[in-house]
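My questions will all concern the structure given below.
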Amino acid sequence: METFKKLKEYYWPFKNYFIWSILFMLIVTAITVVYPMILQLTIDEAVIGGRYDLIPLLAVGFVGSMVVKGICTYIYQYTGDLFGIHSVYKLRNSLYEKLQFLSFRYYDNAKTGDLMSRLTADVEGFRFFLSFGFSELIRFVLLIGISFSVMFYYSISLTFVTLATLPFLAVVVYKFDRAVHPAFRGIRKSFGNLNTKVQENISGINTVKSLSREDYEIGRFNASNGNYKDQYLFTSEIWAKYFPLMEFLGNLSVVLLLGYGGFLVMNESLLPGELVAFYSLVWYIMWPIMNLGFVVNLFSQSKASGERLLEILEADEEIEEKRGALKIEKLSGDVEFNDVTLRYGDDENEALYNITFKARPGQTIGLIGSTGSGKTSITQLMTRFYEPVAGQVLVDGLDIKDYSIRSLRSNIGIVLQESFLFSSSIKANISYGNPDATMEVIIAAAKRAQAHSFITELPDGYDTILGERGMGLSGGQKQRIAIARAICVNPSVLILDDATSAVDMETEFKIQQALLEVMKGRTTFIIAHRISSLKHADEILVLENGSIAERGTHEQLIKNGGTYQKIYDIQFKDREKVSQTG
């Protein structure tokens, strides 16, 4: 029950629904046990005893109890559903909120499909037990207890003989629970992997089709689907192994009841009506115990689901905001790195090592280097997407940890190489970081990003609804909208991570000219592979293996004979030779 204790804060506030559900469930259970007693009176008193005048009264009592039971069952099940639905509403919101604040390091290892499975299937599995399983378990206990009491009232000896198999049945149910819980956890994990495969395939369908890898992807899906099938079959084998045994023990109790009960009736130690009532009461005990496997099944599923949900809720929020963090509306953009070292994993090499530089307000810093050299890592430290293992990152003279995360990030505009757009209007996408932006501000940002002309050509202009991940736009168009989104924030620090890689040379030139105006008064970091994108920078940092190998202006670096000059020669001098040859 440790899992349910940890999740108590999500369902306990709605305990009133649960209490009402239990209250009406008690009435339903009591009426259920009354049925055999009415049957016993009908046989022994009305039929055998010849008191036929009791039959109308017993019939009215039977019908009346059925009506009351029906009404109480409705209220019992409805309030139970309210309990479960309200609980998981709060739980699902908390899970989603937690996902918003988990660090990039968490998402480096998490799988999208698995997370989606947890927020849907696992939450629903937990809800079903809260709505139905919890109260059903209590109902079983009460039904067994009340039935025992009535059976003892009729015959103590017959009760003990009939229920001789009960201890064995309890052992079987216990072993079933021990076996089925790991099996259901395996099903949940396999379902998460299956979701991941589907999500990856749909997201990368263009790549799959362009490389004619449909058959390969079908094979991968079949393997994951096969694993999911095998997990279910393994669980079915457990059910098939234990349920016949539970049913055998339950039916054996009936055999003992009929044998010994018939003997007592013949010896006039028990009335026929009492034997019939006893038969019904035995099933009120045996069926709950046998169906306890079903409730145990629900419990095991909900426990496995709860454990997976707790893995998210209890995940370490690596990026934490210190108490009393400064909330600054506008920063000047003075950025400084002091001997900063970054490591992504405990056993991995440093992604950045002893990085030291200063960027004054309004300056432009260019970052260039081979793939994996650490260019993007520098910008991710500025925004506190990751924490350095050593050194300090300062903004306006203060450690970035001294600022509230919202204050820090709202002053930084980022344009990534892979532009992500939401399934919303173009207007909403551009103003995403600045929801209060006026239409004039949105249009001005779009014009600076060279996006206004193609937006106005769309049927609905800025109100055009984009498809998933910006479906319907070219890579260059998506990138320009992403640039407009960063400009719309009016940031103090602007980060352009290969932001013009998806546009043609002419559009790149226009965007660069517009950005020169945007960058005035802002500290700008430009990550690029094309020297033409950053040669105007005040300082260029050339990174190799996580360290700064060279630094200086464009004019200084092309004379050093280092890596930067080699890149320059490849991009410009070799191009000139080809042009002259042509």
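The values are calculated or read from the model by the stated rules, or taken from the named source; none is laboratory data. Just so we're clear, the structure is a prediction, and the values are computed from it rather than from any experiment. Glycine gets a Cβ as well: all are built from the backbone with ideal geometry, and neighbour counts include every protein chain shown.
Taking residue 377 as the residue in question, decide whether it is of a type in the set (S, T, N, Q), assigned to a loop (DSSP other than H, G, I, E, B), within 24 Å of residue 538 (Cβ to Cβ) and in contact (Cβ under 8 Å) with a residue 40 or more places away in the chain.
So residue 377 does not fit the description; no.
Here's the yes/no breakdown for (1) among the charged types (D, E, K, R); (2) in contact with a Pro (Cβ under 9 Å, 6 or more places away or on another chain); (3) free of Cβ contacts under 8 Å to residues at least 24 places away in the same chain; (4) outside any helix (DSSP H, G or I):
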{"residue": "237", "(1), (2), (3), (4)": "yes, no, yes, no"}
{"residue": "251", "(1), (2), (3), (4)": "no, no, yes, no"}
{"residue": "254", "(1), (2), (3), (4)": "no, no, no, no"}
{"residue": "258", "(1), (2), (3), (4)": "no, no, yes, no"}
{"residue": "261", "(1), (2), (3), (4)": "no, no, no, no"}
{"residue": "276", "(1), (2), (3), (4)": "no, yes, no, no"}
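Return the residue satisfying two criteria in turn: it lies in segment 306-324 and is closer than 29 Å to residue 403 by Cα and of a type outside the set (D, E, K, R), and of such residues it is farthest from the chain's Cα centre (by Cα).
The residue in question is 324.
Also, I was wondering about something else. For segment 65-93, give me each residue that is surrounded by 17 or more Cβ atoms within 10 Å (Cβ to Cβ) and among the hydroxyl-bearing types (Ser, Thr, Tyr).
76, 79, 87
Would you say residue 10 is surrounded by 14 or more Cβ atoms within 10 Å (Cβ to Cβ), assigned to a helix (DSSP H, G or I), at pLDDT 80 or above and among the hydroxyl-bearing types (Ser, Thr, Tyr)?
Yes: the conditions hold for residue 10.
Determine if segment 106-115 includes at least one residue that is outside any helix (DSSP H, G or I) and outside the structural domain of residue 342 (by TED's automatic domain parsing).
yes
Can I ask one more? What's the number of the condition residue 212 fails, among (1) modelled with pLDDT under 80; (2) in a helix (DSSP H, G or I)?
All conditions are met except number (2).
Scanning segment 337-357 for residues that are aliphatic (A, V, I, L, M) and either touching a helix residue (DSSP H, G or I) at 6+ places or on another chain (Cβ under 6 Å) or modelled with pLDDT under 90 (or both), which turns out surrounded by the most Cβ atoms within 10 Å (Cβ to Cβ)?
In this case the residue turns out to be 352.
Still on this model: Looking at (1) under 31 Å from the mean Cα position of the chain (by Cα); (2) over 24 Å from residue 416 (Cα atoms), which is the only condition residue 338 fails?
With (1) under 31 Å from the mean Cα position of the chain (by Cα); (2) over 24 Å from residue 416 (Cα atoms) applied to residue 338, the lone miss is (1).
So if I check each of 496, 466, 534, which one is under 14 Å from residue 418 (Cβ atoms) and at pLDDT 75 or above?
From the options 496, 466, 534, the qualifying one is 496.
Yes or no: segment 52-72 includes at least one residue that is in the same structural domain as residue 278 (by TED's automatic domain parsing), touching a Phe, Trp or Tyr at 6+ places or on another chain (Cβ under 7 Å) and in contact (Cβ under 8 Å) with a residue 40 or more places away in the chain.
Yes, segment 52-72 contains at least one residue that is in the same structural domain as residue 278 (by TED's automatic domain parsing), touching a Phe, Trp or Tyr at 6+ places or on another chain (Cβ under 7 Å) and in contact (Cβ under 8 Å) with a residue 40 or more places away in the chain.
Residue by residue through segment 451-471, note down the ones that are assigned to a loop (DSSP other than H, G, I, E, B), surrounded by 12 or more Cβ atoms within 10 Å (Cβ to Cβ) and under 31 Å from the mean Cα position of the chain (by Cα).
Selection gives 464, 466.
Related question: Among the residues of segment 184-202, which ones are of a type in the set (D, E, K, R) and over 15 Å from residue 119 (Cα atoms)?
Of everything in segment 184-202, those that are of a type in the set (D, E, K, R) and over 15 Å from residue 119 (Cα atoms) turn out to be 185, 197, 200.
Looking at 556, 479, 513, 565 in this structure, which one is at pLDDT below 85, more than 42 Å from the chain's Cα centre (by Cα) and on the phi < 0 side of the Ramachandran plot?
Selected residue: 513, the only one of 556, 479, 513, 565 that is at pLDDT below 85, more than 42 Å from the chain's Cα centre (by Cα) and on the phi < 0 side of the Ramachandran plot.
If I filter segment 82-89 for residues that are part of a helix (DSSP H, G or I), without any contact (Cβ under 8 Å) to a residue 40 or more places away in the chain and closer than 23 Å to residue 306 by Cα, do I get at least one hit?
Within segment 82-89, one or more residues are part of a helix (DSSP H, G or I), without any contact (Cβ under 8 Å) to a residue 40 or more places away in the chain and closer than 23 Å to residue 306 by Cα.
Each row is one residue, and each column tells you yes or no for (1) under 29 Å from residue 78 (Cα atoms); (2) among the small types (Gly, Ala, Ser).
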position: 100; (1), (2): no, no
position: 107; (1), (2): no, no
position: 115; (1), (2): no, no
position: 123; (1), (2): yes, no
position: 126; (1), (2): yes, no
position: 135; (1), (2): yes, yes
position: 139; (1), (2): yes, no
position: 144; (1), (2): yes, no
position: 147; (1), (2): yes, yes
